[in-house]
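These notes are about the structure you will find just below.
The values are calculated or read from the model by the stated rules, or taken from the named source; none is laboratory data. Note that the structure is predicted; figures quoted are calculated from it, not measured. In this analysis, Cβ positions are derived from the backbone assuming ideal geometry, glycine residues included, and neighbour counts consider all displayed protein chains. SASA here: full protein model, heavy atoms, side chains in, ligands and nucleic acids out. Shrake-Rupley method; radii C 1.70, N 1.55, O 1.52, S 1.80 Å.
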Amino acid sequence: MLGDWLSLTLDGDVPGEREGRLPFGRYIMHGPGILELRPAACQDNARGVVLSAGIHGNETAPIELIGELLARLESGLLRLGAPTLILLGNLPAIRAGLRFRHTNLNRLFRRDAPLPEHDEGRRAATLMAAVDAFFARHDRPPLHYDLHTAIRDSRYPRFAVEPFDESATTDADQWRWLAAAGIQAVLHQHRHSWTFSHYSRHYHGAQAFTLELGKAQPFGANDLSLLRPMQALLEALVEGREPPGVPPQRLAFFRVARELMRESEDFRLCFPDDTPNFTEFAVGTKLAEDAAAGDCVVEDSPLAVVFPNADVELGARAALLVRSAPPPEA
Ligand SMILES: O=C(O)CCC(=O)N[C@@H](CCC(=O)O)C(=O)O
Ligand SMILES: [Zn+2]
C-alpha cells in the first residue's frame, strides 16, 4: 500500500485504506499528501521526524527519494523506529510540474499574517496544522528536513539552508550528519524567512533545514545514486538510529549578507541566467537594475549569489547575496 501512496496521491485518488499495518508499525493517512508512520517500538534515540518534499512542484528528486524510503519500510528492509511524518507539499503544482501555481508556497509558513485565499494559502495552513499536531503527539526531539532541488547548477550541488531564529540553536551533531550525508555547504539565513523549515525551527524549536539536493529535473531524470549518503541519513532517522557522522570540516559555511528584492516590473539581473549558485562577484560589480530600487552593486567585499531568479513576484526575493562565514563552534 505505501509503495502506491505517492502515485495514488499524485493521481488525485483517495486510497481506500486510511490506516494500515507495516512490518514494524502502522501508517495513518491524515489527508492528501500527509502520512504518519508510527513505530511498534520507538528507539531510545528516536526523534520526531518530519520529512517534506514537493513544496515546489517541479522539484522531483526528493519525492523519488521518499518513494524509495516508503518502499523499503513497507517491505521490512527498514525497521521503523521513530515517529515520522511524511509530507508532500504543493500537490496541484507537482501534478503540473510547476514550481507553484499562484504564489510560492515556501513563503507562507507563518502564524501572524492572513494566508491568501487560494490553493497555496490553504495548503500552508493544512501543512502547519499537520506539523503542530505531529509534534504535539510525539514527545521526542523535533526534527524537520524540507527537501528541495535548485533551479540552477551550483558550486556546491548539495547544500543546507539553516533558517534564522533568535533563540534556536543547531546541535553540533547536525553538521556531522549532514556532512556524512553528502551536504557540501551550509547557508545561515540572516532573518526570518517564513519558509517551511523556518516554521518548524521558529515555532517548535526543531532541528530544521531546507536541504537543496542538486538541480531540479523532471520525474525519472534524477540520478538518485548521488543521493545515497542522504538516503542513509534519512533511513537512520526513520529507524530511530543515531545517523552516521563525520567531522564537519568538509562543509563550507556561508552567511546571507543581504537579500536582493525585486521592487519593480522593470527589473533585471546583470549576469547570465545560468550562473551557478555561490558564484562570487568582485567589489564594484553591478548585480541588478531595478527601476524602483536602483542598481545593486557589490560593496565592501566580494559577494556570492544564491537562488538568483529575476522572474519572481514583485516584492519577492530575487537572490540571496552571501559571504563565507566561520564554521560554528563545536
Ligand atoms: O533554485 C532556486 O532558485 C530556488 C530553490 C528553492 O526553492 N529554494 C528554497 C530555499 C528556502 C530557504 O531559504 O530555506 C526557496 O526559495 O524556497
Ligand atoms: Zn524548492
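Protein heavy-atom accessible surface, 1.4 Å probe, per residue over region 37-159: 38 Å².
Structural size metrics of region 161-214, computed from C-alpha coordinates, are Rg and Dmax of 10.7, 30 Å. Once the chain from Ser7 to Arg255 is taken as fully extended at 0.36 nm per residue, the excess over their C-alpha distance is 85.5 nm. Let a ≥ b ≥ c be the square roots of the eigenvalues of the Cα gyration tensor of region 248-319; is it rounded (a/c under 1.5), or, if not, prolate (a/b larger than b/c) or oblate? Since a/c reaches 1.5 and a/b is larger than b/c, the shape of region 248-319 is classed as prolate.
Solvent exposure of region 213-260 amounts to 47 Å² per residue of accessible area, where only protein heavy atoms count and the probe is 1.4 Å. Tell me which of Ser167, Gly240, Gly205 sits at the most positive position along the dipole axis of region 2-250, charges placed on C-beta atoms (Lys, Arg +1; Asp, Glu -1). Checking the options against the dipole of region 2-250, the answer is Ser167.
For region 157-221, the share of DSSP beta bridges that are antiparallel, to the nearest 5, is 50%.
Secondary structure note: in the chain, about 55% of the DSSP beta bridges are antiparallel. In order along region 29-39, phi translates into HN-Hα couplings of 8, 7, x, x, x, 10, 10, 9, 10, 10, x Hz, rounded to whole numbers, per the Karplus curve 6.51 cos²θ - 1.76 cosθ + 1.60 with θ = phi - 60° and x for Gly and Pro. Structure remark: mean-square fluctuation, Gaussian network model of the chain, C-alpha springs under 10 Å; the largest value among Arg176, Arg95, Arg241 belongs to Arg95.
Each Lys and Arg Cβ is given +1 and each Asp and Glu Cβ -1; about its Cα centre, the chain then shows a dipole of about 660 debye. Look at the Cα gyration tensor of region 2-250: its axes a ≥ b ≥ c give a/c under 1.5, and that counts as rounded.
The heavy atoms of Met230 offer some 0 square angstrom of accessible surface to a 1.4 angstrom probe.
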